[in-house]
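First the structure, in the form of structure tokens, and then the observations on it.
The values are calculated or read from the model by the stated rules, or taken from the named source; none is laboratory data. Predicted, not measured: the structure shown is a model, and the values here were computed from it. Positions of Cβ are backbone-derived with ideal geometry, glycine not excepted, and every protein chain shown enters the neighbour counts. Side chains included, ligands, DNA and RNA excluded: accessible areas come from the protein's heavy atoms. Shrake-Rupley method; radii C 1.70, N 1.55, O 1.52, S 1.80 Å.
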Amino acid sequence: MRNAVYQLIDREIELAKAGKDAYMILKMNSLSDEGMILKLYEASNAGVKIRLIVRGMCCLVPQQPGFSENITVISIVDRFLEHARVWIFGNDGNEKIYLSSADWMTRNIDRRLEVSFPVVDPLLVKEIKDILDLQLRDNTKARVINAANDNRYVKKRKNEMSYRAQLDTYHYLKQKNK
């Protein structure tokens with residue numbers, strides 16, 4: 001799994017170095033594998049925009065000038081326990097989206113049998129992206145992971161609507177299934 005993920009990240013690095021739009025949106029429960037973190041730092045330094053949603057342990061230090069300035073991390077812990085792992089790679093406008101059982105922890109990457117698979121159905125791709133957008137917009141339960149490790153809640157801007165990812169996802173799916 002490590003080599004396959006490295007290849008996907010290397011593709012984004014190549015695109016960024018060529019001046020093309022390069023990005024990743026990664027959702028997982030834990031991010032602690034040193035090699036994966038170093039690869040994300042490498043991508044950030046090449047200009048790849050990286051948005052992470054990491055529910056639990058995150059050993060990556062985001063938003064450090066000249067080091068990880070292109071990486072943002074939020075954590076959402078709310079009423080429901082989530083286990084989704086979603087990886088989106090920009091791939092020069094031809095996004096590659098994967099669902100996985102693996103967190104980016106050494107034990108998951110190197111020592112366990114884990115599964116990752118591409119999502120190719122356009123309706124499922126849209127649903128996954130819609131739900132990730134809801135999570136990235138959360139300004140109620142999302143906390144910003146930063147170098148100070150103070151994990152403060154995302155600040156709602158004046159006159160901004162409140163977004164709570166888990167409730168918004170529930171209502172999204174309920175409406176979709178009517």
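Each peptide among 78-84, 45-51 gets the average number of other Cβ atoms lying within 10 Å of its residues, and from highest to lowest they stand as 45-51, 78-84. With the charge dipole of the chain set up from +1 on Lys and Arg Cβ and -1 on Asp and Glu Cβ about the Cα centre, the Cα lying farthest toward the positive end among the listed residues VAL119, PHE89, GLN166 is that of GLN166. If only the Cβ of Lys and Arg carry +1 and only the Cβ of Asp and Glu carry -1, the dipole of the chain around its Cα centre is close to 700 debye. Summing charges over neighbours of ARG152, with a neighbour being any other residue whose Cβ is under 15 Å away from its Cβ, gives +3 when K and R count +1 and D and E count -1.
Computed from backbone phi, the HN-Hα couplings of segment 66-76 come to x, 9, 9, 5, 9, 10, 10, 9, 10, 10, 10 Hz, rounded to whole numbers (Karplus: 6.51 cos²θ - 1.76 cosθ + 1.60, θ = phi - 60°; Gly and Pro given as x).
With a ≥ b ≥ c taken as the square roots of the eigenvalues of the C-alpha gyration tensor of segment 36-78, please select rounded if a/c is under 1.5 and otherwise prolate if a/b is larger than b/c or oblate if it is not?
Here segment 36-78 falls in the prolate category.
For segment 7-50 versus segment 122-139, the spacing of their alpha-carbon centroids is 20 Å. What base-10 log of the normalised intensity I(q)/I(0) is obtained for the chain from the Debye formula, alpha carbons as equal point scatterers, at q = 0.08, 0.11, 0.12, 0.16 Å⁻¹? With one equal scatterer per Cα and no solvent, log10 I(q)/I(0) is -0.24, -0.47, -0.56, -1.02.
Going by the alpha-carbon gyration tensor, a ≥ b ≥ c the square roots of its eigenvalues, is segment 109-151 rounded (a/c under 1.5) or, if a/c is not under 1.5, prolate (a/b greater than b/c) versus oblate?
Oblate shape, in that a/c is at least 1.5 and b/c is the bigger or equal ratio.
With a/c under 1.5 counting as rounded, go ahead and sort segment 1-100 into rounded, prolate or oblate using the C-alpha gyration tensor (a ≥ b ≥ c being the square roots of the eigenvalues; past the cut-off, prolate if a/b is larger than b/c, else oblate). Prolate. Please report the carbon-and-sulfur percent of the accessible area for the chain; probe 1.4 Å, protein heavy atoms only, DNA, RNA and ligands left out. Its accessible area is 52 percent carbon and sulfur atoms. Per residue, the accessible area of segment 71-178 comes to 64 Å² when a 1.4 Å probe rolls over the protein heavy atoms.
Of the beta bridges in segment 1-160, as assigned by DSSP with both residues counted there, near 55 percent are antiparallel.
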